[in-house]
1. How many angstrom lie between the C-alpha centres of region 191-262 and region 97-119?
2. Using only DSSP helix segments of four residues or longer, with each worth -39500 (n - 2.57), what per-residue ellipticity at 222 nm results for the chain after dividing by its residue count and rounding to 500?
3. Can you list the lysines whose alpha carbon is less than 28 Å from that of Lys578, not counting same-chain residues fewer than 8 positions off?
4. How far is the Cα center of region 29-84 from the Cα center of region 274-320, in Å?
5. Specify, per residue and in Å³, the volume enclosed by the convex hull of the alpha carbon atoms belonging to region 546-598.
6. Full-extension gain between Lys114 and Thr49, please, as 0.36 nm times their residue separation minus the C-alpha to C-alpha distance.
7. Can you put Thr329, Thr55, Thr92 in order of Cβ neighbours within 10 angstrom, beginning with the fewest?
8. Report D for region 488-605 in µm² per second (integer): Stokes-Einstein, Kirkwood Rh on Cα pairs, 37 °C, 0.692 mPa s.
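Derivation of every value follows stated rules applied to the coordinates shown; laboratory data play no part. Given the structure is predicted, the values throughout are model-derived calculations rather than measurements. A quick note on method: Cβ atoms are made from the backbone with ideal geometry, for glycine too, and the neighbour counts reach across all protein chains shown.
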Amino acid sequence: MRRFLILALLGGAIALPAAVPVRAADPIRYRFSFPEPQHRWMQVETTFTDLPSATLELRMSRSSPGRYSLHDFAKNVYDVHATGADGRELATTRPDPYGWNVPEHGATVTVRYKVFGDRVDGTYLGIDTTHAHINMPAAVMWARGLDDRPIAVSFVQPAGMRWQVATQLHPAATPFDFTAPNLQYLMDSPSEFGPVAMRQFSVGGRTFRFALHHTGTDAELDSYVKDVEKIVRTEGEIFGEYPAYEPGNYTFLADYLPYANGDGMEHRNSTVMTAATSIANGRLRLLDTVAHEFFHCWNVERIRPRGLEPFDFDRADQSGELWLAEGFTQYYGPLALQRAKLVDLAATARDFTELIEAVSASGHLLRSAEEMSRMAPFIDGGRTVDRTNWPITVISYYPFGGAIALALDLTLRDRSDGRLSLDDYMQAMWRKYGKPGGSREGYVDHPYTIADAEATLAEVSGDRAFAHDFFARYIQGHDVADYGRLLARAGFAVRKRNPGRAWLGDLRLEASGGASRVATLVAPTWPLYAAGIDQDDELQQVGGQRITGDGDLASVLQRHKPGDAVPIVYVDRTRVPKTVSVTLAEDPHVEVVVGDANAAQREFRERWLRN
Ligand SMILES: [Zn+2]
């Protein structure tokens, strides 16, 4: 029985050598080639050896690290063939839409397939005659149960090209060969294969590489990388040190190309940044992405929420901590630009305005920051065909979390007269959760929970009640911090953008055929909501004036004051005519401006913004 089984596994074709040394499993090999890049597909060949006899379950990922919605990458895979060691084709089945099973096979199986990809961003695959921009989950078919096998990847130069590879994968024998210690690391290793311009610099004993595929000049890149280095230095100062990047360096992978989609995606030892703009035209916006993504090499890649560790490629990964993982990063990106002196105070004030305006929107009354984080699988690249009411019930955890970070930073500084700050909190999170690292490369051994994040605030502030109150009110509750008071300590003023202006809500009207349709959802905090008016209703008269568009509405409101009651004649979308009375409110929108700071405010601001 036993002997029979061994022979069956070997396919009965070859005899065992006299002594087989015990050794680790061969790596799983992937070979990427590009026979027709102009048609935007790549050929993948992958070989699995030392396979157990059970059904080989080949999968395409449904999700991708750092992007929280489902993408079902199997949809672009076709012409799939599995063969045994003897080259004979093996039968496959489709147990579900996401994979291929090979029920009967020997110890070695090679799978060949084509995969189409025509999107240059942080999630998908982009193949054309200028490059192969590869996000691994969009390209790689993997075998269930073999997550810990080492992996070898080779890139085949397309005919007539002189492309090179930029990646966080470990270098191997040739410039086209790389390795990954396991599946988690491979999936986290996007690779740019193209005419890459590479620059390198060192900070704090670490090497940083900037790999760029663009249409600009070398001089633009040289000057740009100097600013990137300033950001790397500034953010290193926040944590006091850099992570130990496993391949020996950290790589920025940038595609600034007219046919790229704007994106930034963090990985352990690299980031992908794509934009349709150029260094010449969009420098500051591009640097903002650099500042955001680089902060992630601490926050999220190593200081990692438990819900994301290890990343599950079979489903949408959920975390209630994205207000910290993404939101605090959203706060620190622009702050680093300010501290690196790449922007002026007015620009930073505009960033604060965005955060405060976002957290003040009606959605904060309905979903807490923790609950907003759990919406990520639906809103982060997710698609729906049905209408949702997200515009009035969802606030992105990016600005929501950014606003919480602003409040927490200023509160810590305020309570301690500048001795403590959010930097101390991030350092404490780094020491407890990030720095200990993982016993296997690509993994984090001590991911944190929301309770851990609160306990760390208690430790840093030395005040458990304060930490509990802050989390209960602003993260798990529905309060909005007093930004006016907090920012005043640094000499910023929060003021009404349009003081005294009458306001019905931020509605937009769509004019067609002399009628004015309400083209936005009506939020519960708008005066119009109480009147029962909503999307698709048609405004006919406001305050006695005929309304044919936004201009008419603005002129009516100009003639009124907050508190005035105005009649509105409208037709609801079932064509029933109605008349209601609406009491106008004052335009609630605020802006942060740089005020005339006294000496104490200037000192507070200098410690915070280095300005
Ligand atoms: Zn991010």
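1. The distance from the Cα centre of region 191-262 to that of region 97-119 comes to 34 Å.
2. Using -39500 (n - 2.57) per qualifying helix, the result is -8000 deg cm²/dmol.
3. Of all the lysines, those that pass the test against Lys578 - Cα under 28 Å, at least 8 places apart if same chain - are Lys561.
4. The two parts, judged by their Cα centres, are 24 Å apart.
5. It comes to 137 Å³ per residue, whole-number rounded.
6. Using 0.36 nm per residue and subtracting the Cα-Cα distance, I get 21.3 nm.
7. Thr55, Thr92, Thr329
8. 208 µm²/s
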